[in-house]
Amino acid sequence: MTVYTSNSPKKAHAHRWSDTRRRIFHKKYACLWILIALLPFLVLRLVFFYASPFLLFGAPAENEAELRTELEFPSPGVSRSVHKQSALPPDVNAVKSQPNPEPSPSPHTESKAPIVVQPPTEADADDQESELVELTSSSAKEDVEKDEDLGLPEDNEKKAAETWQAPPENTNVDDNQGIEQVTISNASALAPAAPGECDLYDGDWVYDPEGPLYTNATCFYMQGHQNCMRNGRPDSAYMYWKWQPRFCELPRFDGKAFLTKFWGKTIGFVGDSLSRNQMQSLLCMLSQVEIPDMVYQNEGDKNVRWLFKKHQVTLATIWSPYLLKETLVELKGIEEGQSKLFTDTLDEEWTSVMKDFDVMVLSIGQWYFKSSIYIENDEIIGCHYCPGHNYTEIGFFQAYRKAVRSVLDKVTKDYQGLAIMSTFALEHFENGSWDNGGACRREQPLKKEEWPLQGLNYDMHEIVMQEYQTTVQRKKRPNKKVQLGLLDVTKLSLLRADGHPGPFRDYHPFEGKPPGTHVQNDCLHWCLPGPVDTWNQFLVQIVSSRLRI
C-alpha cells in the first residue's frame, strides 16, 4: 500500500484543488453563480418576447382557402380567376354600368341569382343549417333579441325630423393643452403613400379582390339577423370593398398580429346593438386564428365575454344603449313601460366594470330617437315624443349631448385605460322609414353626392365631435392615466348603404310570398362580413398608436 506524505505531489495537488474550490465558492463569487444559474431563464425570456409567433403558438391556423366553403363564398383563387377579365366582381359591374343605380324593384327575382356564389344543394343547406343552429344561439332567441335591440324608433325618428332644430354649438373650450389624445391622422405606424398629411378618414371605398377575412362558414359568432349569406342574400359584391385613404395605406387586418400585440389585454365594447355588431365582427376576424371560449354570459345574452386562451385576450360587450341610467318601472306617476332617462346619472351597468378593461369603446345614438321622459336632479325636465303626457317637448339633442359629455367626464376622472368614443352610426332607409316601407337594396357603395352628411346625421355627428374636442382641450387634467381616442364611424359608414341586411335580416324572407312583397328591412345594422369590419381596422390603428404596441 502506498503511503502519501505531506510532501507527496498527489497530496499537494489535492490541497491545491480544495483551496481552489473554496475560492470559487467564496461569497464574493455568489453573484456570478446566480447569474450563470439564471442564464437559461433569460434566454427563454428573450425567445418568448422576440421569437416569431409561429414559435410561440405552434403552427398557424388552417389555410384560409381550406376554411372557405364554395357553397358560401368563393375561395381567393376562384375570385381572382373570375375577376381577371374585369376590374370589379360581376355583381358590381352590373350595377356600375348604371350612373345612378336605383333600388331593385324586387330583390328576390330570378335575375338576382349570384354569379360567383353557387347556391348549396338542399342536402347541403340542411347540413349547414343544423351546424349553425348548434353553434349559435337559438333562432327564437335571436328573433326576440333583434326586434328589441334594433335601436329603431317606433315612428319617432320621423317625428324628430319634423321637430328638428340645430343643436346649440358648444364653445366652452379652453386654449390650454389638455388630456392626451390620439387621432388617426397621426398614427405613427402608417407610412405615407404620397406627400401630404396622413388622414385615414380622407379616402374612398375601392374594389378589393381579396374579399373578406371570414364567412358565415368559418365564423359561428354572428347573430341571425346579421348573417346575410345564410339568410339568402343573393349578391356578394358588398363584401369586395375596402377603405383606401388618399395619402397612406390602411393595413389589412392581421388577426395573429392583433392577438400577439394585445397579449393579456381586455377590450370592452359598451353601448347598443351596433356596439355589439362591431364586437362580433372583431370576434369573427380573430376566430380565424384561435377559437375563443365564452367565459361569461348574463341572463338575456346582453353582456358577454369571450377569452382567447392562448393569448389571454378578452373581448367583452356591455349592453347600455343610452350609457345613462334608464328605467321602465312606474315612477313619478309615469306608467310602467315608458322610458324614463336620468340625464345626470350614468348607467352602472358599465361604470361598475370599466376598471376591467384596458381598452373601452363607447358608442350611442339611435336609441335617443325613441320616446323618453327626461329626469334631472330628481325632477322631470321634459321629454322627447311623449304623447299623452303633459311634459314639455325638448327633443333629444340636449339629452344626447349631456350623455356624451357625462361619459367623457367620467372616463377622464376615473378610468385608467384607453377610452375610445365612437361617433354616430347612421342608417340608410330609402323611400320610407323602417316601419312604413323603407328599404335598403343597394349593391355597391354610394357616391358622395348621393348621400351627403347633413341634417340630423350631421348634427348627431357634430355633438360627439364638439364634446370630444372640449374634453381633450381642458386645462385641468384630473387623471393623467387615462387616454382618449375618437373613432369616426359616421364617415366610414356614410356611403355604405349596400352593407346592411335589408330584407335579409330574416331567413329567406321571400319564400312562399308573391313577387313584389315588401318585408321589413334592417338598414341600421351591418351584414357580417361587411363594412363594420373596417371599423376594427381603424380601432387597431388607434390602439397601436396610443399604446405603442
For segment 338-359, what are the residues that are among the aliphatic types (A, V, I, L, M) and either within 16 Å of Pro321 (Cβ to Cβ) or part of a loop (DSSP other than H, G, I, E, B) (or both)?
Leu341, Leu346, Val353
Name the residues in segment 308-362 that are more than 28 Å from Lys481 (Cα to Cα) and of a type in the set (Val, Ile, Thr), would you?
Thr327, Val329, Ile334
Could you check, for segment 390-399, whether at least one of its residues is out of contact with any helix residue (DSSP H, G or I) (no Cβ under 8 Å at 6 or more places or on another chain) and in a helix (DSSP H, G or I)?
yes
A careful count of residues in segment 289-310 that are crowded, with 18+ Cβ neighbours inside 10 Å, among the β-branched types (Val, Ile, Thr) and either touching a Pro at 6+ places or on another chain (Cβ under 8 Å) or part of a loop (DSSP other than H, G, I, E, B) (or both) gives 1
Flag for Tyr507 being part of a loop (DSSP other than H, G, I, E, B) and in contact with a helix residue (DSSP H, G or I) (Cβ under 8 Å, 6 or more places away or on another chain)
yes
Which pairs turn up if I take residues in segment 466-487 that are hydroxyl-bearing (Ser, Thr, Tyr) and look for partners that are modelled with pLDDT under 90 with beta carbon separation below 6 Å, at least 6 apart in sequence or on another chain?
Thr470/Asn170; Thr470/Val173
For the condition at positive phi and in contact with a strand residue (DSSP E or B) (Cβ under 7 Å, 6 or more places away or on another chain), what is the one hit in Leu331, Leu323, Leu341?
Leu323
Counting only residues that are outside any helix (DSSP H, G or I) and of a type in the set (D, E, K, R), segment 250-288 contains a total of 4
Under the condition of being buried (at least 21 other Cβ atoms within 10 Å of the Cβ), in a strand (DSSP E or B) and hydrophobic (A, V, I, L, M, F, W, C), which residue from segment 360-382 is nearest to the chain's Cα centre (by Cα)?
Val361
Expected single match for surrounded by fewer than 24 Cβ atoms within 10 Å (Cβ to Cβ), modelled with pLDDT of 95 or more and either in contact with a Lys or Arg (Cβ under 8 Å, 6 or more places away or on another chain) or of a type in the set (A, V, I, L, M, F, W, C) (or both) among Val270, Val313 is Val313
Testing Thr517 on (1) part of a loop (DSSP other than H, G, I, E, B); (2) touching a residue at least 12 places away in the same chain (Cβ under 8 Å); (3) farther than 20 Å from Met222 by Cα; (4) not small (Gly, Ala, Ser), one condition comes back false. Which one is that?
(2)
Does Leu286 satisfy being of a type in the set (A, V, I, L, M, F, W, C), touching a strand residue (DSSP E or B) at 6+ places or on another chain (Cβ under 7 Å) and within 24 Å of Leu486 (Cα to Cα)?
yes
Filter segment 504-521 for residues that are touching an Asp or Glu at 6+ places or on another chain (Cβ under 9 Å), crowded, with 22+ Cβ neighbours inside 10 Å and not basic (Lys, Arg) and give the result.
Phe504
Within segment 469-481, is even one residue closer than 17 Å to Phe424 by Cα, surrounded by fewer than 22 Cβ atoms within 10 Å (Cβ to Cβ) and of a type outside the set (Asp, Glu)?
yes
Taking the residues in segment 396-448 that are at positive phi and touching a residue at least 60 places away in the same chain (Cβ under 8 Å) as candidates, determine which candidate is surrounded by the most Cβ atoms within 10 Å (Cβ to Cβ).
Gly437
Restricting attention to segment 251-267, and to residues there that are over 14 Å from the mean Cα position of the chain (by Cα) and closer than 24 Å to Ala217 by Cα, which single residue is surrounded by the fewest Cβ atoms within 10 Å (Cβ to Cβ)?
Arg252
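The values are calculated or read from the model by the stated rules, or taken from the named source; none is laboratory data. Model, not experiment: these values are computed from the prediction. When we count neighbours, we look across all protein chains shown, and the Cβ atoms used for this are built from the backbone with ideal geometry, even at glycine.
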